[in-house]
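**Student:** Got a structure for you, written out below as C-alpha coordinates; questions coming shortly.
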Amino acid sequence: QGVWNLQDTLITVLASAFGVLVFVLLIYFVYRRNSPRKGKKKNHGREFNRERVVSATRRFANSNSFRFIAPAHLAKNGAAAKLDAIVVGYFGVLGVISLGYSGEIYGDPGEETWLQVTGDGARTRFENPVNEAAAAVRVVRDALFGQKMKKVPVEVVYVLATPDAQLAVPRSMAPMRLKQYKALLKKDKYLEDCGLDLDTVEKALREALAE
(Lines give C-alpha, C1' and ligand atoms only; values in the text may rest on other atoms or scores of the structure.)
Protein backbone atom coordinates (compact mmCIF):
# COMPACT_ATOMS: atom_id res chain seq x y z
CA GLN A 1 0.00 0.00 0.00
CA GLY A 2 2.92 2.30 0.69
CA VAL A 3 4.06 1.79 -2.90
CA TRP A 4 0.63 2.77 -4.21
CA ASN A 5 0.60 5.89 -2.04
CA LEU A 6 4.03 6.83 -3.38
CA GLN A 7 2.85 6.36 -6.96
CA ASP A 8 -0.27 8.43 -6.30
CA THR A 9 1.84 11.19 -4.76
CA LEU A 10 4.25 11.11 -7.70
CA ILE A 11 1.39 11.27 -10.22
CA THR A 12 -0.14 14.19 -8.34
CA VAL A 13 3.18 16.06 -8.27
CA LEU A 14 3.78 15.43 -11.98
CA ALA A 15 0.25 16.51 -12.85
CA SER A 16 0.66 19.69 -10.82
CA ALA A 17 4.03 20.42 -12.45
CA PHE A 18 2.53 19.83 -15.89
CA GLY A 19 -0.33 22.19 -15.09
CA VAL A 20 2.10 24.88 -13.93
CA LEU A 21 4.19 24.40 -17.08
CA VAL A 22 1.13 24.75 -19.31
CA PHE A 23 0.09 27.89 -17.45
CA VAL A 24 3.57 29.42 -17.74
CA LEU A 25 3.74 28.62 -21.47
CA LEU A 26 0.30 30.13 -22.00
CA ILE A 27 1.35 33.35 -20.26
CA TYR A 28 4.57 33.41 -22.30
CA PHE A 29 2.85 33.06 -25.66
CA VAL A 30 0.26 35.71 -24.78
CA TYR A 31 3.11 38.05 -23.79
CA ARG A 32 5.02 37.36 -26.99
CA ARG A 33 1.94 37.98 -29.12
CA ASN A 34 1.18 41.33 -27.50
CA SER A 35 4.76 42.59 -27.16
CA PRO A 36 7.13 43.88 -29.88
CA ARG A 37 9.64 41.21 -30.86
CA LYS A 38 13.31 41.89 -31.23
CA GLY A 39 14.13 42.37 -34.84
CA LYS A 40 10.52 43.04 -35.78
CA LYS A 41 10.32 46.22 -37.83
CA LYS A 42 8.07 48.88 -36.44
CA ASN A 43 5.95 51.15 -38.58
CA HIS A 44 7.03 54.77 -38.46
CA GLY A 45 5.53 58.01 -39.74
CA ARG A 46 6.91 61.36 -40.78
CA GLU A 47 8.13 62.52 -37.38
CA PHE A 48 10.22 59.44 -36.56
CA ASN A 49 13.95 60.16 -36.12
CA ARG A 50 13.36 63.84 -36.89
CA GLU A 51 15.77 64.90 -34.17
CA ARG A 52 18.63 63.07 -35.91
CA VAL A 53 18.16 65.25 -38.99
CA VAL A 54 17.64 68.40 -36.95
CA SER A 55 20.72 67.67 -34.83
CA ALA A 56 22.92 67.21 -37.90
CA THR A 57 21.61 70.52 -39.25
CA ARG A 58 22.18 72.28 -35.93
CA ARG A 59 25.78 71.04 -35.74
CA PHE A 60 26.40 72.29 -39.27
CA ALA A 61 25.02 75.72 -38.43
CA ASN A 62 26.88 76.03 -35.13
CA SER A 63 30.21 74.89 -36.57
CA ASN A 64 30.03 77.69 -39.16
CA SER A 65 28.49 80.37 -36.91
CA PHE A 66 25.36 80.41 -39.10
CA ARG A 67 21.84 81.15 -37.91
CA PHE A 68 19.56 78.23 -37.03
CA ILE A 69 15.76 78.05 -36.75
CA ALA A 70 13.89 74.91 -35.67
CA PRO A 71 11.14 74.10 -36.08
CA ALA A 72 10.49 76.49 -38.94
CA HIS A 73 6.82 76.53 -39.84
CA LEU A 74 6.38 79.57 -42.06
CA ALA A 75 3.26 81.28 -43.33
CA LYS A 76 3.21 84.02 -45.96
CA ASN A 77 0.58 85.31 -48.38
CA GLY A 78 -1.82 82.50 -47.57
CA ALA A 79 0.74 79.73 -48.13
CA ALA A 80 2.56 77.65 -45.52
CA ALA A 81 5.81 75.70 -45.29
CA LYS A 82 6.37 73.09 -42.60
CA LEU A 83 10.14 72.93 -42.39
CA ASP A 84 11.89 71.03 -39.63
CA ALA A 85 14.90 73.37 -39.70
CA ILE A 86 16.34 76.37 -41.50
CA VAL A 87 19.96 77.44 -41.73
CA VAL A 88 20.81 81.01 -42.68
CA GLY A 89 24.39 81.22 -43.91
CA TYR A 90 26.47 83.49 -46.08
CA PHE A 91 25.65 81.07 -48.93
CA GLY A 92 21.92 81.73 -48.58
CA VAL A 93 19.06 79.85 -46.92
CA LEU A 94 18.83 76.08 -46.53
CA GLY A 95 15.50 74.57 -45.48
CA VAL A 96 15.21 70.95 -44.35
CA ILE A 97 12.28 68.53 -44.39
CA SER A 98 12.69 65.31 -42.39
CA LEU A 99 10.84 62.18 -43.53
CA GLY A 100 10.69 59.36 -40.98
CA TYR A 101 8.63 56.89 -43.00
CA SER A 102 9.54 53.20 -42.78
CA GLY A 103 8.64 50.26 -45.00
CA GLU A 104 8.41 50.72 -48.75
CA ILE A 105 8.01 54.15 -50.35
CA TYR A 106 6.46 54.50 -53.81
CA GLY A 107 6.24 57.72 -55.81
CA ASP A 108 6.47 59.43 -59.19
CA PRO A 109 7.16 63.07 -60.13
CA GLY A 110 3.65 63.85 -61.32
CA GLU A 111 1.79 62.37 -58.35
CA GLU A 112 0.36 64.65 -55.68
CA THR A 113 1.01 62.06 -53.00
CA TRP A 114 3.46 59.23 -52.39
CA LEU A 115 2.62 55.89 -50.80
CA GLN A 116 4.08 54.21 -47.74
CA VAL A 117 3.47 50.46 -47.41
CA THR A 118 4.56 48.99 -44.07
CA GLY A 119 5.40 45.43 -43.14
CA ASP A 120 1.90 44.72 -41.86
CA GLY A 121 0.35 45.92 -45.11
CA ALA A 122 -0.79 49.33 -43.86
CA ARG A 123 -0.89 51.94 -46.61
CA THR A 124 -0.41 55.65 -45.91
CA ARG A 125 -0.46 58.51 -48.40
CA PHE A 126 1.67 61.60 -47.80
CA GLU A 127 2.44 64.76 -49.76
CA ASN A 128 4.90 64.38 -52.61
CA PRO A 129 8.08 65.79 -50.97
CA VAL A 130 9.30 67.17 -54.29
CA ASN A 131 6.22 69.38 -54.48
CA GLU A 132 6.41 70.15 -50.77
CA ALA A 133 10.01 71.33 -51.08
CA ALA A 134 9.23 73.48 -54.14
CA ALA A 135 6.29 75.08 -52.33
CA ALA A 136 8.48 75.72 -49.28
CA VAL A 137 11.05 77.52 -51.45
CA ARG A 138 8.31 79.86 -52.68
CA VAL A 139 7.16 80.60 -49.11
CA VAL A 140 10.72 81.36 -47.96
CA ARG A 141 11.27 83.63 -50.96
CA ASP A 142 8.00 85.45 -50.34
CA ALA A 143 9.06 86.05 -46.74
CA LEU A 144 12.34 87.53 -47.95
CA PHE A 145 10.77 89.49 -50.82
CA GLY A 146 8.53 91.19 -48.30
CA GLN A 147 11.68 92.60 -46.68
CA LYS A 148 13.18 93.73 -50.01
CA MET A 149 15.56 90.77 -50.21
CA LYS A 150 15.12 89.36 -53.70
CA LYS A 151 18.52 87.86 -54.45
CA VAL A 152 18.98 85.50 -51.52
CA PRO A 153 19.68 81.93 -52.73
CA VAL A 154 17.09 79.51 -51.27
CA GLU A 155 17.28 75.73 -51.24
CA VAL A 156 15.02 73.16 -49.55
CA VAL A 157 16.03 69.52 -49.24
CA TYR A 158 14.16 66.48 -47.91
CA VAL A 159 15.96 63.80 -45.92
CA LEU A 160 14.89 60.23 -45.22
CA ALA A 161 15.55 59.70 -41.52
CA THR A 162 14.73 55.97 -41.52
CA PRO A 163 17.77 53.88 -42.54
CA ASP A 164 15.88 50.70 -43.49
CA ALA A 165 13.17 52.24 -45.67
CA GLN A 166 13.06 50.89 -49.22
CA LEU A 167 12.61 53.43 -52.01
CA ALA A 168 10.71 52.77 -55.22
CA VAL A 169 11.01 56.25 -56.69
CA PRO A 170 13.13 57.70 -59.51
CA ARG A 171 16.71 58.18 -58.36
CA SER A 172 16.72 61.84 -59.41
CA MET A 173 13.93 62.70 -56.97
CA ALA A 174 14.60 60.21 -54.18
CA PRO A 175 15.03 61.56 -50.65
CA MET A 176 18.58 61.73 -49.38
CA ARG A 177 19.59 59.29 -46.69
CA LEU A 178 20.93 60.89 -43.52
CA LYS A 179 24.48 59.87 -44.43
CA GLN A 180 24.11 61.55 -47.83
CA TYR A 181 22.71 64.67 -46.19
CA LYS A 182 25.68 64.95 -43.84
CA ALA A 183 28.01 64.61 -46.84
CA LEU A 184 26.06 67.33 -48.66
CA LEU A 185 26.64 69.76 -45.80
CA LYS A 186 30.39 69.40 -46.31
CA LYS A 187 30.28 70.69 -49.88
CA ASP A 188 32.12 73.89 -50.73
CA LYS A 189 28.96 75.62 -51.96
CA TYR A 190 27.91 76.12 -48.34
CA LEU A 191 31.11 78.03 -47.69
CA GLU A 192 30.46 80.60 -50.42
CA ASP A 193 29.89 84.18 -49.36
CA CYS A 194 27.03 85.97 -51.08
CA GLY A 195 27.46 89.03 -48.91
CA LEU A 196 24.33 88.42 -46.86
CA ASP A 197 23.52 90.07 -43.56
CA LEU A 198 22.63 87.00 -41.50
CA ASP A 199 20.79 88.95 -38.81
CA THR A 200 18.55 90.65 -41.37
CA VAL A 201 17.72 87.43 -43.19
CA GLU A 202 17.04 85.57 -39.96
CA LYS A 203 14.81 88.37 -38.70
CA ALA A 204 12.72 88.28 -41.90
CA LEU A 205 12.22 84.53 -41.60
CA ARG A 206 11.37 84.63 -37.90
CA GLU A 207 8.75 87.28 -38.61
CA ALA A 208 7.12 84.80 -41.00
CA LEU A 209 6.96 81.99 -38.43
CA ALA A 210 3.43 80.68 -37.94
CA GLU A 211 2.12 81.18 -34.45
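**Student:** Could you pull the accessible area for Leu198 with a 1.4 Å probe, rounded to 10 Å²?
**Tutor:** Spelled out: Leu198, probe radius 1.4 Å, area about 10 Å².
**Student:** How many nm separate the modelled label positions at Asn131 and Gln180, each set 7 Å beyond the Cα in the direction of the Cβ?
**Tutor:** 2.1
**Student:** So, by mean Cβ neighbours within 10 angstrom, what's the order for 88-94, 148-154 with the highest one leading?
**Tutor:** Sorting 88-94, 148-154 by mean packing, highest first, produces 88-94, 148-154.
**Student:** If you don't mind, there's one more thing I want to ask. Give, as ranges by residue number, the residues of region 104-134 whose backbone N falls under 16 Å from the point 7 Å along Cα→Cβ of Ala168.
**Tutor:** 104-109, 111, 113-126
**Student:** In nm, to one decimal, how far is the modelled label at Glu192 from the one at Ala122, with both set 7 Å along Cα→Cβ?
**Tutor:** Inter-label distance under the simple model: 4.3 nm.
**Student:** Once the piece of chain linking Leu25 and Thr200 is laid out straight, how much longer is it, given 0.36 nm per residue of separation minus the C-alpha distance between them?
**Tutor:** Here the segment from Leu25 to Thr200 would lengthen by 56.3 nm.
The values are calculated or read from the model by the stated rules, or taken from the named source; none is laboratory data. Small disclaimer: the values here were computed from a predicted structure and weren't measured. Glycine gets a Cβ as well: all are built from the backbone with ideal geometry, and neighbour counts include every protein chain shown. Heavy atoms of the whole protein, side chains included, go into the accessibility calculation; ligands, DNA and RNA do not. Shrake-Rupley method; radii C 1.70, N 1.55, O 1.52, S 1.80 Å.
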